[in-house]
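Heads up, the thing below is written out as structure tokens.
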Amino acid sequence: MEGRVVAAHGRQYVVELPDGSLLPCFTRGQKSDVACGDRVDIQRTSDDQGVIEAIQPRTSLLYRSNEIRQKLIAANVDQVVIVVATEPGFSDELVTRALLAAESEEIEPLIVLNKCDLTERVAAARTQLAVFANLGYRVLELSALDHAEDLRPELQGYTSVLVGQSGMGKSTLVNALVPEARAATREISSALDSGKHTTTHATLYAIDGDTAIIDSPGLQEFGLAHLSFGEIEQGFPEFRPTLGQCRFHDCRHAAEPGCAVKASVDAGAIEAHRYAHFRAIVGPVDKKS
């Protein structure tokens, strides 16, 4: 049988079958490369359990990694919605890292600034996001409590995954957009034989036949050990006009003489804190090379 993974929790998964029913499934062996959103081939082993035999070819895979392991976030997504909020504070370096991961998989990004009902904090958050807006990234301001519907047109026709730090309001957005999400979460938790809240694992909710949204656990870091130096530098749009103009063709944009990127930073064409994020992100890559 075929199905779609609608919840991933450790090595245990919930697969939605073509008739809409849910089947708890495991993978064979100790290692699992299955992600929420995967299309899979399964074999039913009993009335209430199955085993995943194969993962069908993916259109995309969003994941993070360090030097030791990878953490899969979602598969077959068209759009990553990076949720930040006016409160608590958010890391713009983490936003940058999520954008780089999305770009490497050719996934469309959207930044959502949530909790805009806290009007006294909007200006500071807007200033923090201005660099992304100025680079051409879409930024949508809303309040999940009052105006979650503002996000719906941006989701239509896509499978989107919500990512962001804990406390940004991802689950509040999902519950506002998908009223039956709480019931679906209870059903999935029952299938997993777990009382855990949805954000302890990635969960997919169908909005309509063409639209779905994946709620992912809050994260405090976004490792990019799987990206090469070239992929990282290309992922900074403001770097692109200068790439290839450095004195040395293998310039790492650090302390080399004649670096066009550094010259653009000194001239103010590239934001200094964006350059600092670049150096922080490529640090592990430089150590490997």
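Data overview
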{"quantity": "All positions within segment 273-284 that are of a type in the set (A, V, I, L, M) and either surrounded by 19 or more Cβ atoms within 10 Å (Cβ to Cβ) or touching a helix residue (DSSP H, G or I) at 6+ places or on another chain (Cβ under 6 Å) (or both)", "calculated": "I281, V282"}
{"quantity": "Residue among I111, I107 that alone is without any contact (Cβ under 8 Å) to a residue 60 or more places away in the chain and touching a Phe, Trp or Tyr at 6+ places or on another chain (Cβ under 7 Å)", "calculated": "I111"}
{"quantity": "Every residue from segment 249-270 that is surrounded by 15 or more Cβ atoms within 10 Å (Cβ to Cβ) and closer than 29 Å to I107 by Cβ", "calculated": "C251, R252, H253, A260, V261, S264, V265, I270"}
{"quantity": "Residue match in segment 84-93 (condition: in a strand (DSSP E or B) and on the phi < 0 side of the Ramachandran plot)", "calculated": "yes"}
{"quantity": "Pairs with Cβ under 8 Å, 6+ apart, first in segment 7-22 and under 13 Å from V40 (Cβ atoms), second in a strand (DSSP E or B) and charged (D, E, K, R)", "calculated": "V15/R4; E16/R4; P18/E2"}
{"quantity": "Matching option when the condition is farther than 30 Å from A269 by Cα and of a type outside the set (F, W, Y), among Q70, Q128", "calculated": "Q70"}
{"quantity": "Residue among T86, T59 that alone is of a type in the set (S, T, Y), in contact (Cβ under 8 Å) with a residue 12 or more places away in the chain and open to solvent by 30 Å² or more (accessible area, probe 1.4 Å)", "calculated": "T59"}
{"quantity": "Complete set of residues in segment 15-36 that are exposed (fewer than 12 other Cβ atoms within 10 Å of the Cβ), within 27 Å of G209 (Cα to Cα) and in contact with an Asp or Glu (Cβ under 8 Å, 6 or more places away or on another chain)", "calculated": "P18"}
{"quantity": "Residue within segment 19-32 that is at pLDDT 90 or above and within 25 Å of F222 (Cα to Cα) present", "calculated": "no"}
{"quantity": "Check on A74, part of a loop (DSSP other than H, G, I, E, B), under 15 Å from the mean Cα position of the chain (by Cα) and either surrounded by 19 or more Cβ atoms within 10 Å (Cβ to Cβ) or modelled with pLDDT of 95 or more (or both)", "calculated": "no"}
{"quantity": "Segment 229-248: number of residues that are within 26 Å of E106 (Cβ to Cβ), surrounded by fewer than 16 Cβ atoms within 10 Å (Cβ to Cβ) and not hydrophobic (A, V, I, L, M, F, W, C)", "calculated": "7"}
{"quantity": "Segment 37-56, subset more than 9 Å from N76 (Cα to Cα) and in a loop (DSSP other than H, G, I, E, B), residue least open to solvent (accessible area, probe 1.4 Å)", "calculated": "Q56"}
{"quantity": "Within segment 220-239, considering residues that are in a helix (DSSP H, G or I) and of a type outside the set (F, W, Y), the one farthest from E149 (Cα to Cα)", "calculated": "G230"}
{"quantity": "Any chance V81 is buried (at least 19 other Cβ atoms within 10 Å of the Cβ) and part of a helix (DSSP H, G or I)", "calculated": "no"}
{"quantity": "Top-ranked residue of segment 57-71 - restricted to ones that are modelled with pLDDT of 95 or more and not in a strand (DSSP E or B), ranked as farthest from the chain's Cα centre (by Cα)", "calculated": "P57"}
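The values are calculated or read from the model by the stated rules, or taken from the named source; none is laboratory data. What you see is a predicted model, and the numbers here were worked out from it, not measured in a lab. FYI the Cβ positions are ideal-geometry reconstructions off the backbone, even for glycines, and counts take in every protein chain you see. Side chains are part of the model used for accessible areas, which takes the heavy atoms of the whole protein and leaves out ligands, DNA and RNA. Shrake-Rupley method; radii C 1.70, N 1.55, O 1.52, S 1.80 Å.
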